[in-house]
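A.B. asks: Just passing along the structure, written as structure tokens.
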Amino acid sequence: MKIISSTPKKDGFYMPAEFSPHYGCIMIFPERADSWTYGAYAARKAFVKVAEAISESEKLTVCASAKQYENARRMLPERVRVVEMSSNDCWARDYAPTFVTNGKELRGINWGFNAWGGLVDGLYFPWDLDDKMARKLCDLYDIDMYDLSSFILEGGSVHVDGEGTCITTEACLLSKGRNPDLTKVEIENFLCEYLNVNKVIWLENGIFGDETNEHVDNICTFTAPAEVVLAWTDDPSDPQYKPSQRCFEILSQSTDAKGRPFKIHKLHCPAPVLVTEKDCEGLDTMDFKPTRTAGERLAASYVNFYIANNAVVMPIFDDPNDEKAVELLTNLFPTRKIVPVPARDILIGGGNIHCITQQIPLVE
Ligand code: KQY
């Protein structure tokens, strides 16, 4: 593995859209008892359901700690590669490498990671093991790496169409805990140089209560070139109403990098999913403080799905809107099998299916 001092744009490498063909996918096995209820027992089962669906059509690698290695190997199908690798938690989207390609060769980007806001409003300390994962994974896959560890970015905070467009949120990328010394223009330049895009669409906010400072991957994603799904509610009394309306306005007034207007599909959110007393009883404390409060609203959204080669693995919440969400994604992805996974046990950790996966594009 070589560290490359140039940029993907200069070298003709770019990040393909998630709906383009994949070589594989990376996940990390959940474990920490202040993130995951009851020692992460139910979370592991939910992660395994996601892993089963993805590994039907892509080469999946799951990283597990020394303590969880045996459990992971036993619970996951044989076709899944399990490797021992240390981490602080299990959000592959945010700290596995972002993969870029020129069509022939694969390279990784190592962004800096500080647990979604470092000492300003980060979600745990330390985060050093997570931060080292991109580099270890580039080594594991034997690919060269662009090292941008001086720039804090999580994979879940950007989406690309592979044709020059990136969408992100101001709430996250301009937050004080990430790159406070950079201007919006400077941040945009990093995205353009490293993802190799030439248009960044800035949404303002994401999902209400999203503790990542509102990652884009929970509110809006590309389903095809110039086509997106947007998390939605028609209820004006819901705190999600205004953010979703604003996203709709911004997207309807924008065109993508190729000048095409967006087709926007509204994906109605489930009813609020709240933390229960029982959830709280099953969580360890962090620095003697509870990590969740009963009644707290979790950032539930159907948009947080993973597009695998032959499947779309999507979260469902035992909600009347589940069926409508499945129907919309069935129409939008006619060549893929829609695999709904009951995802409350993932959501309790603060993210969802997209957040626990990282695709590796297919190269020649
Ligand atoms: O949504 C994500 N990309 C990660 C959420 C992490 C929350 C930590 N509790």
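The values are calculated or read from the model by the stated rules, or taken from the named source; none is laboratory data. This is a predicted model, so every value here is computed, not measured. Glycine also receives a Cβ, built like all others from the backbone with ideal geometry; neighbour counts cover every protein chain displayed. For accessibility, only protein heavy atoms count, side chains too; no ligands or nucleic acids. Shrake-Rupley method; radii C 1.70, N 1.55, O 1.52, S 1.80 Å.
A.B. asks: Can you list residues from other chains, or at least 5 along the same chain, whose modelled amide H is less than 5 Å from the amide H of ASP144?
C.D. replies: For ASP144, the qualifying residues are LYS2, GLY108.
A.B. asks: When a/c reaches 1.5 or more, the comparison of a/b and b/c decides; with that in mind, is the stretch 3-361 rounded, prolate or oblate per its Cα gyration tensor?
C.D. replies: rounded
A.B. asks: Something else: Which chymotrypsin sites (Phe, Trp or Tyr not before Pro) in the stretch 232-340 pass both tests, a DSSP loop state and at most 16 other beta-carbon atoms within 10 Å? If you can, show how the numbers build up before the last one.
C.D. replies: On the way: sites: TRP232, TYR241, PHE248, PHE262, PHE288, TYR302, PHE305, TYR306, PHE317; in loops: PHE262, PHE288, TYR302, PHE305, PHE317.
Sparse-neighbourhood loop chymotrypsin sites (Phe, Trp or Tyr not before Pro): PHE288.
A.B. asks: Out of ILE167, ASN189, ALA51, whose Cα points farthest toward the positive end of the dipole of the chain (charges: +1 Lys, Arg; -1 Asp, Glu; placed on Cβ)?
C.D. replies: ALA51
A.B. asks: Got a sec? What order do PHE208, PHE222 fall in by accessible area at 1.4 Å, biggest, i.e. largest, first?
C.D. replies: My answer, sorted largest first, is PHE208, PHE222.
A.B. asks: May I pose another question? Under a cut-off of 26 Å between alpha-carbon atoms, report the lysines in cross-link reach of LYS49, not counting same-chain residues fewer than 8 places apart.
C.D. replies: In chain and number order, the partners are LYS59, LYS67, LYS136, LYS278, LYS324, LYS337.
A.B. asks: Taking the Cα centre as origin and putting +1 on Lys and Arg beta-carbons and -1 on Asp and Glu beta-carbons, what dipole magnitude results for the stretch 3-361, to the nearest 20 debye? Before the final figure, lay out each step's value.
C.D. replies: Details: 36 positive and 52 negative charges, 150 e Å.
With only Lys, Arg, Asp and Glu charged at Cβ, the dipole is about 720 debye.
A.B. asks: Rounded, prolate or oblate, given the Cα gyration tensor of the stretch 107-184, with a/c below 1.5 counting as rounded? Intermediate results must be reported in sequence, preceding the final value.
C.D. replies: Numbers: a/c = 2.15, a/b = 1.14, b/c = 1.88.
It comes out oblate by the Cα gyration axes.
A.B. asks: In addition: Step through the residues of the stretch 137-151 one at a time and calculate ³J(HN,Hα) from phi using the Karplus curve (6.51 cos²θ - 1.76 cosθ + 1.60, θ = phi - 60°), rounding each to whole Hz and writing x for Gly and Pro.
C.D. replies: 6, 4, 4, 4, 8, 6, 10, 6, 9, 8, 9, 10, 6, 7, 10
A.B. asks: Among the GluC sites (Glu not before Pro) in the stretch 69-109, which ones are in a DSSP loop with at most 15 other Cβ atoms within 10 Å of the Cβ? Mind listing them?
C.D. replies: GLU78, GLU105
A.B. asks: Here's a follow-up. Rank ARG260, ARG135, ARG297 by mean-square fluctuation in a GNM of the chain with C-alpha springs under 10 angstrom and give only the top-ranked residue.
C.D. replies: ARG260
A.B. asks: Under 5 Å between amide hydrogens, which residues at least 5 positions from THR7 or on another chain qualify, with H placed 1.01 Å from N in the peptide plane?
C.D. replies: none
A.B. asks: Work out how far the C-alpha atoms of the stretch 71-142 reach from end to end along every principal axis, then list the three figures in whole Å, largest first.
C.D. replies: Rounded to whole Å, the extents work out to 40, 37, 16 Å.
A.B. asks: OK, next. Let me check I've understood the local charge: for ASP161, count other residues with C-beta under 10 angstrom from its C-beta, Lys and Arg +1, Asp and Glu -1. What total comes out?
C.D. replies: Details: positive: LYS199, LYS258, ARG260; negative: GLU18, GLU163, GLU227, ASP256.
Its environment carries a net charge of -1.
A.B. asks: Between GLU204 and LYS242, 0.36 nm times their residue separation minus their Cα-Cα distance comes to what?
C.D. replies: So the chain would gain 12.6 nm between GLU204 and LYS242.
A.B. asks: So what J values fall out for the stretch 340-353 if you push phi through Karplus, 6.51 cos²θ - 1.76 cosθ + 1.60 with θ = phi - 60°, rounded to Hz, Gly and Pro as x?
C.D. replies: x, 10, x, 10, 4, 6, 8, 4, 4, x, x, x, 8, 4
A.B. asks: Of the options ILE201, ASN331, ALA92, report the single residue whose Cα projects farthest towards the positive end of the charge dipole of the stretch 3-361 (beta-carbon charges: Lys, Arg +1; Asp, Glu -1).
C.D. replies: ASN331
A.B. asks: Ordering LYS289, LYS67 by accessible area with a probe of 1.4 Å, largest first, what comes out?
C.D. replies: The most accessible residue leads, giving LYS67, LYS289.
A.B. asks: Something else about it: Decide, for the stretch 307-364, between rounded, prolate and oblate: order the square roots of the alpha carbon gyration tensor eigenvalues as a ≥ b ≥ c, take rounded if a/c falls under 1.5, and otherwise choose prolate if a/b is larger than b/c, else oblate.
C.D. replies: oblate
A.B. asks: Moving to a separate point now. Antiparallel versus total DSSP beta bridges in the chain: what percent is that, nearest 5? Present the calculation step by step, with values, prior to reporting the outcome.
C.D. replies: Values: 22 of 56 bridges.
Of the beta bridges lying entirely in the chain, close to 40 percent run antiparallel.
A.B. asks: Can you compute 3J(HN,Hα) from phi for each residue in the stretch 207-220, using the Karplus curve 6.51 cos²θ - 1.76 cosθ + 1.60 with θ = phi - 60°, rounded to whole Hz and x for Gly and Pro?
C.D. replies: Karplus-based 3J(HN,Hα) across the stretch 207-220 equals 7, 3, x, 6, 6, 7, 6, 6, 4, 5, 5, 9, 10, 8 Hz.
A.B. asks: Sequence-distant or interchain residues sharing an amide H contact under 5 Å with LEU76, placed H: which?
C.D. replies: none
A.B. asks: For each pair in LYS104/LYS199; LYS104/LYS184; LYS9/LYS242, compute the distance between the two Cα atoms and list the pairs where it is over 27 Å. Spell out each step's value before the answer.
C.D. replies: On the way: LYS104/LYS199 24 Å; LYS104/LYS184 33 Å; LYS9/LYS242 36 Å.
Over 27 Å apart, Cα to Cα: LYS104/LYS184; LYS9/LYS242.
A.B. asks: Calculate the spin-label point distance for VAL83 paired with GLU364, positioning each point 7 Å from the Cα along the beta-carbon direction, and give it in nanometres.
C.D. replies: Result for the modelled spin labels: 2.5 nm.
A.B. asks: Please give the net charge around PRO290, taking every other residue with its beta carbon less than 15 angstrom from that of PRO290, where Lys and Arg add +1 and Asp and Glu add -1.
C.D. replies: Charge balance in the 15 Å sphere: -4.
A.B. asks: With Cβ to Cβ distances under 12 Å as the rule, what net charge do the other residues near ASP318 carry (K, R +1; D, E -1)? Could the numbers behind the result be given before it?
C.D. replies: Values: positive: ARG344; negative: ASP319, ASP322, GLU323, ASP345.
Counting the neighbours of ASP318, the net charge comes to -3.
A.B. asks: Here is a follow-up. On the full set of protein chains, 1.4 Å probe, figure out the accessible area of SER20 and give it in Å² to the nearest 10.
C.D. replies: 30
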